[in-house]
Structure formats: C-alpha cells, structure tokens
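The values are calculated or read from the model by the stated rules, or taken from the named source; none is laboratory data. On a predicted model such as this, the values are computed, not experimentally measured, just so you know. Because the Cβ atoms are built from the backbone with ideal geometry, glycine has one as well, and the counts that use them run over all protein chains shown.
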Amino acid sequence: MASSLVFSVSRVILVCVAFCLPLPLQGTPESPFHNPNAKTFSSPEDDLLYPLSPVVQMGKHYLMKFGIGTPPLETFAIPDTASNLIWLQCGCTNCYTQTSPTFDPKKSSTYESIKCSSDNCKNTAYSTNCNGLDPDCSYNLSFQDIGTSSRGHIAMETLMFQDGLNRKYPMFKMIFGCGQDNKDTFGVKVPGIMGLSNHSSSLIGQSSFIDFSYIFFSNASIGRSEVRIGFSPITGHLTTALAPNSKGLYIFKDVDGIYVEGEKVDIPESVFGYVEGGSGGLIIDTGATFTELNPLAFDALIRKVKDFMPTDMVEKRDVSGEKWELCYDNKYRGTTDILPEIEFRFRGTEATFPLKDKNAWIDNNLGQFCLAIKRGVKDGLSRLGMFQQRDINVGMQVMQARVSFNYQI
Ligand SMILES: *[C@@H]1O[C@H](CO)[C@@H](O)[C@H](O)[C@H]1NC(C)=O
Ligand SMILES: *[C@@H]1O[C@H](CO)[C@@H](O)[C@H](O)[C@H]1NC(C)=O
Ligand SMILES: *[C@@H]1O[C@H](CO)[C@@H](O)[C@H](O)[C@H]1NC(C)=O
C-alpha cells in the first residue's frame with residue numbers, strides 16, 4: 001500500500017485542480033445508511049483522496065491515530081470490525097490511565113450532546129439507557145477481549161483523518177460514545193475503540209463510503225500500517241463472500257473448513273455455517289487480538305496439529321499468563337521446517353487463506369512458542385483475530401458483501 005502513495009503525485013495534483021480539493025465528508029447520522037450513489041474508485045489518483053488513519057502498534061495492539069474535536073486532539077483507538085460504536089474516554093468522571101491526553105469535550109467547540117428523545121439516540125446499536133432522569137442519551141458497553149468497559153453519553157464530534165497526500169480530512173457530526181466511566185481490566189491503556197462494523201453507527205456506516213481496507217504489519221519497518229476508508233482493492237488473491245446479517249458483522253458465507261497439511265479438520269458444519277438467528281459462524285474481528293475458535297473447532301484443530309508434529313517434540317504446558325493450550329520448547333523453532341501448514345478454505349474458490357507460521361505461532365517470551373489461537377466460548381461465534389491478519393491487505397467491499405485477502409510479505 002505504502003508504495004501506491006508515492007507515485008505520480010503530479011498527476012494527482014492535476015486531477016485535484018480540476019475537481020477536488022478538500023472533500024470533507026459529512027457524517028450522515030440521520031440517514032440510516034450509506035450514500036447509495038457513492039462510487040468505488042480504483043484509480044490510484046482517486047485513491048489518494050480518501051480518508052485514512054495511520055496505525056501504530058502498542059504492545060500487542062494496533063491503534064488507529066486520528067483527531068477529535070475542534071481544535072483536534074490527537075488520539076488513538078483499536079480498529080474493531082465487530083463493533084458498532086466509536087467510543088473514547090472523554091469528559092472523565094472515572095477513567096483509567098491512557099498513554100495520550102484524554103479528550104475533554106469542554107475544550108472543543110464542536111461537541112454536541114444528543115438527547116434521549118432524538119432519533120440518533122433511538123436508532124442506536126448500543127444498549128442505551130434512558131431512564132427519564134438523564135435527558136442525554138447514554139450507553140453502557142463492555143468488551144471482553146480487551147477487558148475494557150465504557151459507560152457514558154452518546155454525542156457528536158468532528159473526527160479528523162488525513163488523505164493520501166497528508167491533508168486534513170474532517171468528518172463532521174460523527175456520533176460517538178463519550179466514555180465518562182470506564183474500566184481497563186487488563187491494563188491495555190488504549191483511549192477507545194473505533195467501530196468499523198456494517199452498522200449505521202460505526203465509522204463506516206456514518207461515512208458515505210461503502211468500502212474500506214486495512215493492513216497491520218507485523219514489523220513497522222516493513223511498511224506503513226493503516227486503515228483506509230472508501231478504498232478496497234480486489235487484487236486477484238483470495239476473495240470470498242460475506243453473509244449480510246442483522247448484527248452488522250462481517251461473517252464468512254462459504255467457509256469450507258480448516259486444513260492442516262491439506263487434511264481437513266473434523267469440525268461439525270454448524271460451527272462455521274452461519275444462519276441468521278443461529279449461533280454458528282466465523283467473523284472477521286480485528287477487535288479480537290487473537291483468533292478464537294468455537295471449542296468444537298479448537299479442540300479438533302489442536303488434535304490435528306499435534307498429529308503433524310514430530311514425535312520427539314514434547315508438548316509443554318504454557319508458563320505464561322496467556323493460557324495458550326499448545327506450546328513447545330523454543331529450541332525446536334526455526335531449526336527445520338517442522339510446523340504444519342494451517343489454512344482456512346472457502347467453497348467456490350481455489351484460493352486458500354493460509355496462516356503463515358508467524359501468524360499461527362507466538363513466542364510466549366518464556367522460552368516457548370505456542371499456537372496463537374484461543375478457545376472461544378461454547379455455542380459462540382468464531383473470530384478471525386488481529387494477530388492472524390497481520391501483513392495481509394484486507395479489503396472489505398461492504399455493500400457487495402465480499403472480502404479479499406492479499407499477503408504483502
Ligand atoms: C453496565 O453494564 C454492566 C454489564 O453489562 C452492568 O453490570 C452495569 O450494572 C451496567 N451499568 C449501568 C449503570 O447500567
Ligand atoms: C523488523 O525488521 C527489521 C528490518 O528487516 C529488523 O532489523 C528487525 O529485527 C525486525 N524486528 C522484529 C521485531 O522482528
Ligand atoms: C451491509 O449492510 C447493507 C445494508 O443492510 C447490506 O446491503 C450489505 O450487504 C451488508 N454487507 C455485509 C458485508 O454484511
């Protein structure tokens with residue numbers, strides 16, 4: 001991606017003199033959905049004129065960088081494809097420690113509160129709580145994976161992104177949760193969460209764009225991690241269908257299964273098969289740090305991976321607090337090509353989605369390497385998490401309900 005930003009700037013400027021210059025995007029909270037006339041451009045010039053957010057790494061988390069308020073305060077949020085709301089610690093009564101300054105709505109001239117009676121409060125995707133005493137729209141959410149919870153008020157603000165030429169790209173009147181009372185059980189210290197789901201209250205739903213894409217590099221010296229709104233390249237690598245659903249999740253429609261060294265793992269159809277109202281399915285969830293599989297899939301995968309491990313490699317019990325369930329001594333890693341290939345396959349395409357070794361295994365920093373996949377909850381959705389999506393350009397064609405995966409290294 002980074003390379004496409006560099007080329008032929010002069011052509012871009014010519015295009016801009018003719019048509020564009022600041023193309024501020026009006027958030028359209030009143031309209032329940034995207035602008036149906038918004039087009040998907042694929043020419044590189046246009047590509048530079050879309051809002052993007054540089055992504056920085058903090059520990060094992062990737063964070064979008066953007067501004068909020070007027071004048072804008074630089075802040076950060078975990079991009080979460082499975083979350084409907086944008087929220088940040090804000091106007092704190094009880095906030096946890098974060099690594100950058102906390103947003104104070106009193107210092108912004110564009111902060112607007114939202115009343116309980118307004119449609120913007122009623123049409124929300126978040127559990128609102130209008131009890132008659134508080135005239136302002138409130139919310140209360142918790143996020144199990146990163147261990148945060150947030151309670152506060154729904155409000156509107158200007159969010160400031162940038163375009164591919166480093167110019168400011170404001171999005172006005174964006175609905176967000178001003179989190180006044182928040183908890184941070186695991187001490188992640190992130191200011192908030194950027195909902196990127198297919199719901200009218202997410203960043204995507206509030207924009208007039210119908211596509212987005214992201215890339216999170218495992219090593220910042222390889223390339224620039226970013227989230228790009230309005231641009232989703234389909235590049236002939238794995239492309240597969242998503243199943244539109246009432247929750248606004250990005251659910252794979254055609255999961256065939258997981259394969260280890262070409263052998264199919266024995267998982268009941270219902271585990272990855274999505275039906276509306278049912279409990280099965282595999283979703284794309286950048287808010288989950290690691291992939292989580294339904295226990296039926298997880299146990300079967302672990303058994304199959306063990307089948308392919310050399311017999312002299314003795315399984316070790318994880319000594320870290322992460323509770324990894326399949327670990328080995330580091331002395332075995334990297335010596336030979338011993339780790340079995342794990343891949344997801346989809347019906348209707350020859351292309352597969354392999355987990356490269358670095359996206360499948362993790363060093364627990366205590367002399368062991370472990371399968372970086374977690375046991376999910378019984379009868380729950382399985383989640384393709386952030387760690388397993390590293391170094392892959394993920395293109396989400398939201399309205400066309402397709403996703404593409406394109407390995408960058
Ligand atoms: C917020 O949600 C949590 C968990 O769902 C619940 O325990 C708590 O009582 C709620 N708080 C309010 C004020 O509704
Ligand atoms: C990242 O890549 C650079 C350059 O290839 C390398 O020197 C560095 O060790 C890598 N960092 C990690 C954490 O792998
Ligand atoms: C997103 O929602 C729109 C409107 O409900 C729908 O047409 C579209 O197919 C959905 N896309 C996905 C990927 O679910």
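Numbers below:
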item	result
Meets criteria (without any contact (Cβ under 8 Å) to a residue 40 or more places away in the chain and farther than 22 Å from V319 by Cα) for I338	yes
Selection within region 163-198 - under 13 Å from I86 (Cβ atoms) and of a type in the set (G, A, S)	G177, G179, G192, G195, S197
Residue among T40, T75, T110 that is modelled with pLDDT under 95 and either assigned to a strand (DSSP E or B) or β-branched (V, I, T) (or both)	T40
Selection within region 246-266 - outside any strand (DSSP E or B) and touching a strand residue (DSSP E or B) at 6+ places or on another chain (Cβ under 6 Å)	L249, Y250, K253, D254, V265
Residues (within 13 Å of ligand 3 (Cβ to nearest atom) and over 16 Å from N406 (Cα atoms)) located in region 208-248	F209, I210, L242, A243, P244, N245, S246, K247, G248
Qualifying residue in region 223-239 (condition: of a type in the set (S, T, N, Q), closer than 21 Å to A82 by Cα, within 16 Å of ligand 2 (Cβ to nearest atom) and touching a strand residue (DSSP E or B) at 6+ places or on another chain (Cβ under 6 Å))	yes
Strands (runs of 3 or more DSSP E) lying entirely in region 316-409 (those with 1 or more residues that are in contact with a Lys or Arg (Cβ under 7 Å, 6 or more places away or on another chain))	327-329, 352-355, 368-371
L203, sole failed condition from (1) at pLDDT below 95; (2) within 16 Å of ligand 3 (Cβ to nearest atom); (3) aliphatic (A, V, I, L, M); (4) surrounded by 24 or more Cβ atoms within 10 Å (Cβ to Cβ)	(1)
Sole exception among (1) farther than 25 Å from Q57 by Cα; (2) touching a Phe, Trp or Tyr at 6+ places or on another chain (Cβ under 6 Å) for S208, by number	(2)
Condition met for S213 (farther than 30 Å from Q162 by Cβ and outside any loop (DSSP other than H, G, I, E, B))	no
Test: S270 is more than 16 Å from ligand 1 (Cβ to nearest atom) and assigned to a loop (DSSP other than H, G, I, E, B)	no
A297 vs. criteria more than 30 Å from A77 (Cα to Cα) and within 26 Å of the chain's Cα centre (by Cα)	yes
Region 368-382 residues that are more than 20 Å from L339 (Cβ to Cβ) and hydrophobic (A, V, I, L, M, F, W, C), paired with ones that are part of a loop (DSSP other than H, G, I, E, B) and modelled with pLDDT of 95 or more (beta carbon under 6 Å, 6 or more apart)	L381/G281
Tally, over region 164-210, of residues that are assigned to a loop (DSSP other than H, G, I, E, B) and over 20 Å from the mean Cα position of the chain (by Cα)	5
Selection count where residues are touching a Ser or Thr at 6+ places or on another chain (Cβ under 7 Å) and exposed (fewer than 15 other Cβ atoms within 10 Å of the Cβ), scope region 218-252	1
Which numbered condition G147 misses (of (1) surrounded by 22 or more Cβ atoms within 10 Å (Cβ to Cβ); (2) within 15 Å of ligand 1 (Cβ to nearest atom); (3) within 21 Å of the chain's Cα centre (by Cα))	(1)
